[in-house]
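In what follows, a single structure is set out as structure tokens and then discussed.
The values are calculated or read from the model by the stated rules, or taken from the named source; none is laboratory data. Please read these numbers as outputs of a predicted model, since none were measured by experiment. Positions of Cβ are backbone-derived with ideal geometry, glycine not excepted, and every protein chain shown enters the neighbour counts.
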Amino acid sequence: MTDKPKKPHHVYTLVVQVGRKPDDGLPEGATGAGLVCYASGVDEAEAVRETVAVLKQAGLAPLDVTGHGTADERRAAGHEIGTEESALMARALAENAVIVAQIEAFYGDDQDG
């Protein structure tokens, strides 16, 4: 029996914009939210697909996903990654999971910038 070697997983930092949906758990009056997620995947496309699926299962309405790369890619771009963020990334990798690290509700015209 020959097993195909597993491709290594990486953790990607994703920023997801969500809209409103009934019973989505967002605060009253919010027009949507921005979420910072850490997602495990063999590539960024898989991490995005998994994140969108998990958020839909949680009753949210993902509208847009922006990838910010792996921790190594972010460090190479000059980003500082603190110990708490590193711990969440390690957890996402260990559990092959999507971790929602931050949610910021949008009100009114917040989504426009």
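Things to note:
Table: residues versus (1) among the β-branched types (V, I, T); (2) touching a Gly at 6+ places or on another chain (Cβ under 7 Å); (3) at pLDDT below 95.
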{"position": "P5", "(1), (2), (3)": "no, no, yes"}
{"position": "T31", "(1), (2), (3)": "yes, yes, no"}
{"position": "G78", "(1), (2), (3)": "no, no, no"}
{"position": "S86", "(1), (2), (3)": "no, no, no"}
{"position": "V98", "(1), (2), (3)": "yes, no, no"}
{"position": "G113", "(1), (2), (3)": "no, no, yes"}
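- Only one of G69, G25 that is at positive phi and in a strand (DSSP E or B): G69
- Checking the stretch 29-43 against the condition returns a match, with at least one residue being surrounded by 11 or more Cβ atoms within 10 Å (Cβ to Cβ), of a type in the set (D, E, K, R) and closer than 15 Å to T13 by Cβ.
- Selected residue (criterion: nearest to the chain's Cα centre (by Cα)) from residues of the stretch 54-79 that are of a type in the set (V, I, T) and surrounded by 15 or more Cβ atoms within 10 Å (Cβ to Cβ): V65
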